[in-house]
Amino acid sequence: MQGIYAKGTYTPKGRTEALDLQALSRILAENRQPQVLEDAWTGWHAVGRPMRSDFTEYVRLANAGARELGFADTGVLWRSKYDMPANDFAHEVERLWSELRPLYRSLHAYVRTRLRERYGPKLVPDRGPIPIHLLGNMWAQSWENLAADMAPPGTQPSYDLTEVLRSRATQPIDMVRFAERFFVSMGLDPLPSTFWERSMFVRPPGREVVCHASAWDLDYVADLRIKMCIEITGEDFRTLHHELGHNYYQRAYAGQPFLFRDSAHDGFHEAIGDTIGLSVTPEYLVKVGLLARAPPAEADLGLLLRTALEKVAFLPFGLVVDQWRWRVFSGDISPEDYNQSWWEMRERYQGVRPPTERREDEFDPGAKFHVAANVPYMRYFLAHILQFQFHRALARTIESQGPLHRTSIYGSRQAGERLATVLAMGASRDWRDALEALTGERAMSAEGLLEYFRPLQRWLDEQNRGEAVGW
Ligand code: X8Z
Ligand code: ZN
């Protein structure tokens, strides 16, 4: 399945060359013609179709393995890794989502209104789900590529990191260096020379590779690497901080006994680099020489909106992938209903719909890397919440006076030490102990995220006055 995914291509109508996922994603990000978007979206989603029977077999085998290990099914096995009963974890996830849903619905309503202005009420009705191909991303998991279209009227987005990087002819390796320098500024060691020698930073010519970004620790001691096809975009700039977060975690827990060489729970692993990424503020970009001057406070709404299009839009997607797989593993969804149930759930959680009706002989979940590659996904939902909880705690550690979205822990040894302590614990303790060491709290909390976006929430609610909210 992973091989099918990695080799997937589509030749859009009116073109002659076959495009891979990165090229098709670029169309989704940059084009604004609905037919072109629909064609690229539908073309990529055909990649799932030949996985359908493999996936059915994989579910059977995975469940057989889980049962041999004493779990009812693979979903229960996946949910068993959070130092609490599997059922309690499912409730925990629901609790967090219920706190965040109002913010997501406000963002959704605002974006739908702006899209209706652009594409008209026939394509984007004033109630109901948003056609997924208009959201700037193949899975509508991040809407940041719409930032320029969504900018608060009268304000322009204050800067576009992609343009900044390109105007400086930044190279892939420079992007990695920026990310490394951030960790080093907090007192962590530079990456070993083998990292630079053995990592894959760009797509190698003449052979097929899995381009989906990943971070590796080959010997569980010091052979750290990343594998990625870096493009010069703000998105990949942030992804590099994400990946190095994995590598720094791996190195920090290398001193633990073998079984504890892992994160406190998998959401922690995904949250560390993103926490650093939240510190990529305008003031930080000025410090490292990427921006001439920081935009004024009036630009804050635009900055917050851009971040919300990335992080808040992600939440229900982060949730739905495994809500769906849990039901597949438990047998609640059977193979005859794979695709229909997928779209029912995506509509329910995300408020999106496919461009045209999808039939049951398609297998659209397989068009997402983690489904094809057997990677659990709830970790990203947790990480999107935890990173704000971590950021808020570290902002307090450095006694930051400014709002959270203008706070950067760049250069703070104090924040670095606090982080390093938690990373070094690895999986040796209950994750609540790790959380407490970092934040002083013993429960995952949506409050950091809500505080971060509070000014935006107020503004969105004003904008949405008189508009339908929800779908
Ligand atoms: O897969 C990733 C990372 C590697 S662990 C690049 N992420 C998820 C995705 O791309 O779907 C990061 C955010 C969510
Ligand atoms: Zn990751």
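Ranked by Cβ crowding within 10 angstrom, fewest neighbours first, how are Ile132, Ile333, Ile398, Ile173 ordered?
Ile173, Ile398, Ile333, Ile132
Roughly how many Å is it from the Cα centre of the stretch 120-194 to that of the stretch 265-298, as a whole number?
Comparing the Cα centres of the stretch 120-194 and the stretch 265-298, I get a distance of 12 Å.
If the viscosity is 1.567 mPa s and the temperature 4 °C, what translational diffusion coefficient in µm²/s does Stokes-Einstein give for the stretch 341-471 when Rh comes from Kirkwood over Cα pairs?
Details: Rh = 18.2 Å.
Stokes-Einstein gives a translational diffusion coefficient of 71 µm²/s.
Please give the contour-minus-distance gain from Asp461 to Thr194: 0.36 nm per residue of separation, less the Cα-Cα distance, rounded to one decimal in nm.
Numbers: separation 267, 0.36 × 267 = 96.12 nm, distance 5.05 nm.
Fully extending the segment from Asp461 to Thr194 adds 91.1 nm.
Restricting to Cα atoms and excluding each atom paired with itself, what does the Kirkwood estimate give for the stretch 120-217 in Å? Don't skip to the end; give the middle numbers.
Values: mean 1/r = 0.0561 Å⁻¹.
About 17.8 Å for the stretch 120-217.
Mean separation of Cα pairs under 8 Å and 6+ residues apart, divided by the residue count of the stretch 348-471: what relative contact order is that in percent? Numbers along the way, then the final one.
Working: 73 pairs, mean separation 34.2, N = 124.
Once normalised by length, the contact order is 28 percent.
For the chain, which span is the longest to avoid every loop-located (per DSSP) member of trypsin sites (Lys or Arg not before Pro) having at most 14 other Cβ atoms inside 10 Å?
Details: sites that count: Lys13, Arg15, Arg32, Lys122, Arg127, Arg168, Arg207, Arg293, Arg359, Arg442, Arg465.
Between the exposed loop sites, the longest stretch runs 33-121.
Pop the C-beta distance of Glu94 and Asp160 into the FRET formula with R0 = 25 Å and round what comes out to the nearest 0.05. Please report the intermediate quantities before stating the final value.
Numbers: r = 37 Å, r/R0 = 1.46.
Computed FRET efficiency for Glu94 and Asp160: 0.10.
What are the membrane-span-like helices in the chain by this rule: whole DSSP H runs, Cα extent along the axis at least 15 Å, mean Kyte-Doolittle hydropathy at least 0.5? Intermediate values should be presented prior to the final figure.
Values: long enough: 34-45 (16 Å, -0.70); 52-68 (24 Å, -0.85); 86-119 (44 Å, -0.94); 172-185 (20 Å, 0.47); 234-252 (27 Å, -1.47); 266-278 (19 Å, 0.14); 300-330 (45 Å, 0.59); 338-350 (17 Å, -2.29); 378-397 (28 Å, 0.13); 413-425 (18 Å, 0.15).
Answer set is 300-330.
Quick one: Debye curve from the alpha-carbon atoms of the stretch 228-346 only, equal weights, vacuum; give me log10 I(q)/I(0) at q = 0.12, 0.21, 0.22 Å⁻¹ to two decimals.
-0.69, -1.18, -1.21
With 20 Å as the cut-off, how large is the P(r) tail for the stretch 74-188, expressed as percent of Cα-Cα pairs? It would help to have the intermediate numbers written out before the result.
On the way: 4371 of 6555 pairs.
Looking at the stretch 74-188, the distances longer than 20 Å represent 67 percent of pairs.
Over the stretch 156-288, what is the relative contact order in whole percent, taking alpha-carbon pairs under 8 Å and six or more residues apart? Each step should come with its number before you reach the end.
Details: 161 pairs, mean separation 30.4, N = 133.
Over the stretch 156-288, the number comes to 23 percent.
Counting every Cα pair in the stretch 1-122, what percent are over 19 Å apart?
On the way: 5127 of 7381 pairs.
Considering the stretch 1-122, 69 percent of its Cα-Cα pairs are separated by more than 19 Å.
What three numbers, in Å, describe the spread of the alpha carbons of the chain along their principal axes, ordered from the longest?
61, 54, 48
Using alpha carbon coordinates only, what is the Rg to Rh ratio of the stretch 377-444, with Rh defined as the Kirkwood radius? Each step should come with its number before you reach the end.
Details: Rg = 12.2 Å, Rh = 12.6 Å.
Rg/Rh: 0.97.
In nanometres, what is the gap between the two model label sites at Glu344 and Asp332, each 7 Å from Cα along Cα-to-Cβ?
For the pair Glu344/Asp332, the computed spacing is 1.1 nm.
For the stretch 86-137, report the convex hull volume of the alpha-carbon atoms normalised per residue, in Å³, without decimals.
Values: hull volume 5.1 nm³, N = 52.
Given the Cα convex hull of the stretch 86-137, per-residue volume reads 98 Å³.
Place a point 7 Å from Cα of Gln22 in the direction of its Cβ. Which residues in the stretch 212-249 have their backbone N less than 16 Å from it?
What the label zone holds, given the 16 Å backbone N cut-off, is 212-215, 226-240.
Restrict the search to the stretch 396-471; then list the GluC sites (Glu not before Pro) that DSSP places in a loop and that have at most 10 other Cβ atoms within 10 Å of their Cβ.
When the GluC sites (Glu not before Pro) of the stretch 396-471 are filtered for loop state and at most 10 Cβ neighbours within 10 Å, Glu399 remain.
Quote the relative contact order of the chain in percent (integer), defining contacts as alpha-carbon pairs under 8 Å separated by 6+ residues. Each step should come with its number before you reach the end.
Numbers: 719 pairs, mean separation 108.1, N = 471.
So the answer I get is 23 percent.
Measuring from label point to label point, each 7 Å out along Cα→Cβ, what is the Lys287 to Asp430 span in nm?
Result: 3.6 nm between the two label points.
Given 10 °C and 1.306 mPa s, compute D for the stretch 349-392 with the Stokes-Einstein relation, Rh being the Kirkwood radius over Cα pairs; round to the nearest whole µm²/s.
In µm²/s, the coefficient rounds to 121.
Quick one: if you take sqrt(5λ) for each eigenvalue of the C-alpha gyration tensor of the stretch 33-95, what semi-axes come out, biggest first, whole angstrom?
Numbers: eigenvalues 234, 78, 7 Å².
One finds semi-axes of 34, 20, 6 Å for the stretch 33-95.
Given only helices, namely DSSP H runs of n ≥ 4 each adding -39500 (n - 2.57), what is the per-residue ellipticity at 222 nm of the chain, to the nearest 500 deg cm²/dmol? Could the numbers behind the result be given before it?
Details: 21 runs with 260 residues, N = 471.
That comes out to -17500 deg cm²/dmol.
Run the quick spin-label model on Glu68 and Glu447: label points 7 Å from Cα toward the beta carbon, then report their separation in nm to one decimal.
4.6 nm
Computed from the coordinates by the stated procedures, all read-outs in this text should not be read as laboratory data. Worth saying up front: this structure is predicted, and the values here are computed from it rather than measured. Positions of Cβ are backbone-derived with ideal geometry, glycine not excepted, and every protein chain shown enters the neighbour counts.
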